[in-house]
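Down below is the structure, laid out as structure tokens.
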Amino acid sequence: MAQNKTRHAPPKASAMVEALRGLGYSAATALADIIDNSVAAHSKKVDLQFSWFGEKSFITVLDNGDGMDDAELDRAMRLGDKSPLDERHSNDLGRFGLGLKTASFSQCRSVTVASKKNSVISCLRWDLDFLSTSKDDGWHLLEGTAEGSEHLIHSLNNLETGTIVILEKLDKIITPGFQEQDFLDLVDTVERHLSMVFHRYLDGRHPKISIAINDRPIKPWDPFLKDNPATWTSPMVKFPTPGGIVEVQCYVLPHKDKLEQQEYDLAAGPDGWTAQQGFYVYRNQRLLVAGSWLGLGHGRSWTKEEAHRLARIRLDIPNTADMDWKIDIRKSIARPPVTIRASLTRIAEDTRSRARRVFASRGQISRLGDAKEVAQAWRSDHSSGGVRYRIDHDHPAIRSVLDDAGPLIPQISAMLRIIEETIPVQRIWLDTAEAKETPPPAADSAPSPEMMSVLDIVYRNMIYKKGFSPSDAREKLLHTEPFNDYPDVVAALPDNPAIQGEINS
């Protein structure tokens with residue numbers, strides 16, 4: 001067999017880099033990509049500085065991570081040093097070996113990276129103007145900082161290890177007409193984006209990392225309002241896929257009437273309530289996609305509609321699933337694999353339906369059309385350990401049993417706790433989502449004999465034990481689950497029910 005003849009055809013450096021500048025980064029997404037490297041280097045602290053000097057303005061990103069020696073820095077500065085097919089550490093936020101470079105090039109014409117390790121500072125720099133004037137079209141990586149910028153790497157002297165990235169010649173940011181106030185507005189935009197993208201790193205009593213802009217710490221933005229007791233939270237579901245385990249948990253945020261104005265405004269997110277609905281895709285807890293229905297739907301993809309603005313779904317994928325999910329270089333696009341699209345669609349349908357109901361009303365409202373909320377038998381308790389569903393002991397039917405239990409209270413309380421701890425929440429939720437439709441309300445049919453017996457006992461107890469007048473007792477039952485589903489039956493209860501043995505002293 002004849003041996004193939006080959007030619008070495010390296011790309012022209014200046015032309016290739018100029019082309020890579022058009023990948024579509026914004027300043028905020030570019031800086032998030034740079035911080036990914038800080039996270040991967042086990043940094044505990046990242047400081048961003050935006051320094052305004054007109055056309056000579058610059059941005060620095062300093063971290064106290066592992067740092068790099070000269071050889072490691074040389075590899076890190078090369079484009080595509082790592083293949084996307086290479087196996088990555090489980091906490092690595094990279095994939096293509098391009099993020100630091102392409103993100104930086106997208107905003108500036110000069111990027112300097114200096115790193116400290118083993119008490120030695122190494123410094124390399126890409127300068128696009130230098131590449132464009134090079135006669136041999138080579139990939140010339142410059143040593144040291146730009147002239148006049150030597151002082152910017154002095155901050156490494158105060159660190160045992162760490163890295164600083166310096167973005168200069170900000171031609172994609174400092175455009176004609178760009179003023180200092182625009183620069184300050186950009187700082188606010190970047191802060192909102194980073195507080196969202198890295199909120200799981202910044203959150204909690206013991207955050208994994210702290211990020212500050214111009215010495216002002218960034219506070220995490222929780223898209224799911226997990227600490228609000230009015231937020232509905234689904235059980236967490238795990239799907240095995242060829243690329244690893246995918247975790248899904250759904251949230252329906254509270255109606256506006258249940259939030260303070262400041263809390264409501266904050267929960268809207270960087271792009272507003274309607275734009276922030278949908279799936280939130282995380283990779284190693286780093287947010288990739290902030291609100292998208294991922295092309296899911298029936299017949300055609302769902303669009304973002306006002307009625308579903310309260311629906312937000314957390315979706316976690318491992319970095320071993322990048323290819324399956326078609327993660328792009330900017331880490332801003334994800335597409336679910338065919339194997340779980342149907343399951344994700346069913347779960348999303350259920351969440352969208354719940355969100356639509358909450359959006360239309362402030363909670364479970366009585367069938368009488370008034371604004372009084374219904375007393376429910378179950379309540380959800382939110383804590384750092386998740387959501388627990390508890391029986392409300394103040395529910396009229398349950399309270400009447402406990403008040404009459406006497407010495408049996410410990411046994412009854414133990415029975416209620418067993419019910420709480422063993423209720424198959426995940427199975428119920430999945431079965432409901434699988435069925436696509438919730439069961440018709442009980443009001444569509446007459447109450448069962450068992451339900452009539454319970455209603456009769458509770459009604460008598462309220463009158464003869466609790467001192468309610470018949471009209472007050474009926475009013476209370478009309479706003480109590482599950483009796484609220486039978487308003488005609490409750491309204492027909494007699495004013496003078498016969499006293500039965502169950503309620504005799």
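The values are calculated or read from the model by the stated rules, or taken from the named source; none is laboratory data. What you are looking at is a predicted structure, and each value in this text was computed from that prediction instead of being measured. Glycine gets a Cβ as well: all are built from the backbone with ideal geometry, and neighbour counts include every protein chain shown. When the accessible area is computed, the model is the full protein with side chains, heavy atoms only, and any ligands, DNA or RNA have been set aside. Shrake-Rupley method; radii C 1.70, N 1.55, O 1.52, S 1.80 Å.
A few points about this structure:
- Ala342 out of contact with any Phe, Trp or Tyr (no Cβ under 9 Å at 6 or more places or on another chain), over 24 Å from Pro270 (Cβ atoms) and either modelled with pLDDT of 90 or more or buried (at least 19 other Cβ atoms within 10 Å of the Cβ) (or both): yes
- Considering region 134-169, the residues that are of a type in the set (Val, Ile, Thr) and outside any strand (DSSP E or B) include one that is farthest from Arg109 (Cα to Cα), namely Thr161.
- So Leu184, is it of a type in the set (A, V, I, L, M) and open to solvent by 40 Å² or more (accessible area, probe 1.4 Å): yes
- Which listed residue is open to solvent by 10 Å² or more (accessible area, probe 1.4 Å), farther than 20 Å from Asn64 by Cβ and polar (S, T, N, Q), from Ser119, Ser132, Ser106, Ser155: Ser132
- Among the residues listed as Ala442, Ala405, Ala433, the single one being open to solvent by less than 60 Å² (accessible area, probe 1.4 Å), at pLDDT below 85 and touching a Lys or Arg at 6+ places or on another chain (Cβ under 6 Å): Ala433
- Of all residues assigned to region 293-307, none qualifies as being open to solvent by less than 20 Å² (accessible area, probe 1.4 Å) and within 21 Å of Ser195 (Cβ to Cβ).
- Flag if Gly269 is under 18 Å from the mean Cα position of the chain (by Cα), closer than 29 Å to Gly22 by Cα and not in a strand (DSSP E or B): yes
- Hits in region 242-279 (condition: under 25 Å from Glu349 (Cβ atoms) and of a type in the set (S, T, N, Q)): Gln249, Thr274, Gln276, Gln277
- Residue within region 364-382 that is open to solvent by 60 Å² or more (accessible area, probe 1.4 Å), in contact with a Leu (Cβ under 9 Å, 6 or more places away or on another chain) and at pLDDT 75 or above present: no
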